[in-house]
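Notes to accompany the following structure.
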Amino acid sequence: MTAHPSSLFTAAQREQFTRFPALDERILSRYYLLDAADLRLVRERRRDFNKLGFAVQLTVLRHLGRGLRSGETPPEAVLAYLAEQLRVDSACYTQYATREPTRREHFAALCQWLGYVELSRRQGAELRDWLVPLAVVTDQPFPLMSALMDEVRRRHLLVPRFSVLERLVRSARVRADQHTYGVLNLPLKGDLAERVDDLLVPQGEEAVSRFAWLARPVGAPKPKHLLTLLDKLAFVRTFPVQSNLQAFLPQSRLEHLAEEARRLSASHLADFEPWRRRATLMARLLDLSETLTDAVLDMHDRVMVSLLREGERAAAEIFGQQGPPLVEQFGTFKSVCAAVIAAREQGADPYQAIEAVVNWQQLVETVREKEVVSAEQLDPLHHAMKGYAKVRSYAPRLLAAFTFHAEGKAVPVVEALNLLREMYAANKRTLPEHVPIGFVRQKWAGQVFKGGEIDRRAYELCVLDELRLALRAGDVWVTGSRKYKDLDAYLLPQGTWQKRLPELSLDLPETFDAFWTATEPRLTEQLREVADLLARGELSSVSVQRGRLRIGKVTRAVPDEVEPLGRRLSARLPRVKITDLLLEVNAWTHFTGAFLNLHSGKEVERHDHLLTAILADGLNLGLTKMAEASPDPGMTARRLMYLADWFVRPDTDSD
């Protein structure tokens, strides 16, 4: 089913909001259980059908915020549940349903008693204004309508016609768009608005627009490609992307606009109204600022890993070539040492003992011959140092582009990064007398510390290697990054947290010290209990052997005889194709209604084609192979690519 061209909702969605909802025991007990006051009010009616009809209107008004429409009959479960409480026959409701004047009179009395009023123009405007902040967060009509209807009921307003509510949703979306576009256009002062428009057209001798250039992939992890990423990031930062603009808009709205810009071509964006076009491009630039930041840091990680792997391969190759002679030398020296030890223990002549295992002349030649291979040549980092020039080609710009932060053990790393940034900026070739070294790992110590001094090149590579490790661990975070941002950024702001804390009822201590004071005695007691059970050997499959805790295999809780039975039961179940299963589940839930076109917001026409695209993504089969496997001639690879581009994305998957 599809929506009317002027409607925000499909016919199925409209029906979902207007029909009587599905009922279960919880809903019946929540909305259709009559309390003592309800029963007194209902029993003021004399006839059974009036009592039952009045009770139906009372409970439906509380549940749905509206009265029964002309010709609408409540579900049988409602009639049976209310009739049981009133001790009347549910079949008598048919008499009440035909008495329209009585129904209207009862409904008016109930509205007055419960405080329900019809929606006025002023209240409609208030509801629209209330809905705008939600529409800024998401422009999806379905959740907006759900929130609006809940708010209408909360305010004890009679739910109006669906078309009235749809107009409110539409108006709120328009105002949310205007608000979003206004905020994103706010920093475009002077010539910035014109510069944003110029992103869509090639400038001067350029073959493509800057908009297309920014979207192009740069290629494999190499220093020159990393420099290209830094060029793109520097260009993006010529726009106001490092302002606090994102604090005034929800991240979901910015992501939606950025995703729309990413999927549309420059010519499509050029057709937008200037207000909307510039806002969409600004959202894309904000997204690119974080995306390129992460891409630069990720590529630095890969370049460093590649450098270290090359060093490992070079060291392994040398050992493969020189290893056998080296092993032979070690074997000779080991035999000599063993003979000397044995001679001393037995009081024998050590020289005779040596000559008993190796010819003296051979031993002399072995000692005096040229060193087979030096220890340094077997160190992978010695070979990795040969790639210093590659890293040095981009390191100054890398450190100049970002601000690094850390706490605790990673602070010396950030201090070293700041030191290198200052050295690069001043074009200094020597390290100062005192530099941070607390982070230098054992594997780097042999390269960094040589002859009582610090090797500058090795120190730089060590710092940059430690940077990638600290970023991976989350010990260092970067301003303007999405992937490597401060972990506290994932939490609620402190002010919001303090306001919401009383609502959450977590019943937790405010500080860790208070928590530990309460927890430590209980934990100590439990550990003591476990230790006693271990000492008595009463823990199943757990023991202490030679000072180490040994945990044996867990015994199966299910008897072996159950497995053949399970196979027989499984064989009796019918084989169902996953495509048929998806279609059946969609018929129950209509979950494909959440997959709306990114640009138009409309639902897909062929749900079976959309399910095929979703299935291809879930199976990692690929769209081309899925199209080739489909017997439907209309399900081409291009058709599936279109659906994957415009309908399948993270926000629709989560819906």
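At-a-glance table
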read-out: Helices (runs of 4 or more DSSP H) enclosed by the range 501-590 - at least 1 residues per element that are out of contact with any Asp or Glu (no Cβ under 8 Å at 6 or more places or on another chain), over 30 Å from GLY618 (Cα atoms) and hydrophobic (A, V, I, L, M, F, W, C); value: 512-536, 562-572
read-out: Residue selected from the range 269-304 under the condition open to solvent by 30 Å² or more (accessible area, probe 1.4 Å) and without any contact (Cβ under 8 Å) to a residue 60 or more places away in the chain, by the criterion nearest to VAL478 (Cα to Cα); value: ASP287
read-out: Among (1) at positive phi; (2) touching a helix residue (DSSP H, G or I) at 6+ places or on another chain (Cβ under 7 Å) - the single one LEU583 does not satisfy; value: (1)
read-out: From the options ALA353, ALA348, ALA401, ALA395, residue that is open to solvent by 20 Å² or more (accessible area, probe 1.4 Å) and under 30 Å from PRO436 (Cα atoms); value: ALA401
read-out: Check on ARG175, part of a helix (DSSP H, G or I), more than 14 Å from SER7 (Cα to Cα) and open to solvent by 20 Å² or more (accessible area, probe 1.4 Å); value: yes
read-out: Subset of the range 226-241 [open to solvent by less than 30 Å² (accessible area, probe 1.4 Å) and part of a helix (DSSP H, G or I)]; value: LEU226, LEU229, LEU230, LYS232, LEU233, VAL236
read-out: Output for the range 49-83, where each listed residue is touching an Asp or Glu at 6+ places or on another chain (Cβ under 7 Å) and over 17 Å from TRP113 (Cβ atoms); value: ALA83
read-out: Sole residue being open to solvent by less than 40 Å² (accessible area, probe 1.4 Å), farther than 19 Å from PHE9 by Cβ and under 23 Å from the mean Cα position of the chain (by Cα), chosen from LEU619, LEU643; value: LEU643
read-out: Flag if MET635 is touching a Ser or Thr at 6+ places or on another chain (Cβ under 7 Å), open to solvent by less than 60 Å² (accessible area, probe 1.4 Å), at negative phi and not in a helix (DSSP H, G or I); value: yes
read-out: Test for LYS443: is it assigned to a loop (DSSP other than H, G, I, E, B) and either free of Cβ contacts under 8 Å to residues at least 60 places away in the same chain or open to solvent by 60 Å² or more (accessible area, probe 1.4 Å) (or both); value: no
read-out: Residue that is open to solvent by 80 Å² or more (accessible area, probe 1.4 Å), within 30 Å of LEU144 (Cβ to Cβ) and not acidic (Asp, Glu), where the choices are LYS602, LYS625; value: LYS602
read-out: Residue in the range 312-329 that is closer than 30 Å to GLY480 by Cβ and either surrounded by fewer than 15 Cβ atoms within 10 Å (Cβ to Cβ) or not small (Gly, Ala, Ser) (or both) present; value: no
read-out: Test result for VAL164, over 26 Å from the mean Cα position of the chain (by Cα), touching a residue at least 60 places away in the same chain (Cβ under 8 Å) and more than 16 Å from PRO250 (Cα to Cα); value: no
read-out: Failed criterion for GLU525 (all others in (1) among the acidic types (Asp, Glu); (2) more than 22 Å from ALA12 (Cβ to Cβ); (3) modelled with pLDDT under 85 hold); value: (3)
read-out: Pairs, first open to solvent by 80 Å² or more (accessible area, probe 1.4 Å) in the range 541-565, second among the polar types (S, T, N, Q), C-beta under 7 Å, six or more apart; value: ARG550/SER543; ILE551/SER541; LYS553/SER541; VAL554/SER541
read-out: Test: residue in the range 498-512 that is of a type in the set (Phe, Trp, Tyr), open to solvent by 60 Å² or more (accessible area, probe 1.4 Å) and within 26 Å of SER243 (Cα to Cα); value: no
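Residues checked against (1) of a type in the set (Lys, Arg); (2) in the same structural domain as HIS590 (by the TED database); (3) over 11 Å from ALA172 (Cβ atoms); (4) not in a loop (DSSP other than H, G, I, E, B):
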site	(1), (2), (3), (4)
HIS106	no, no, yes, yes
LEU127	no, no, no, yes
VAL136	no, no, no, yes
ASP139	no, no, no, no
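The values are calculated or read from the model by the stated rules, or taken from the named source; none is laboratory data. Quantities reported herein were computed from a predicted structural model and do not represent experimental measurements. Positions of Cβ are backbone-derived with ideal geometry, glycine not excepted, and every protein chain shown enters the neighbour counts. These area figures cover heavy atoms from the full protein model, side chains too; ligands, DNA and RNA do not enter into them. Shrake-Rupley method; radii C 1.70, N 1.55, O 1.52, S 1.80 Å.
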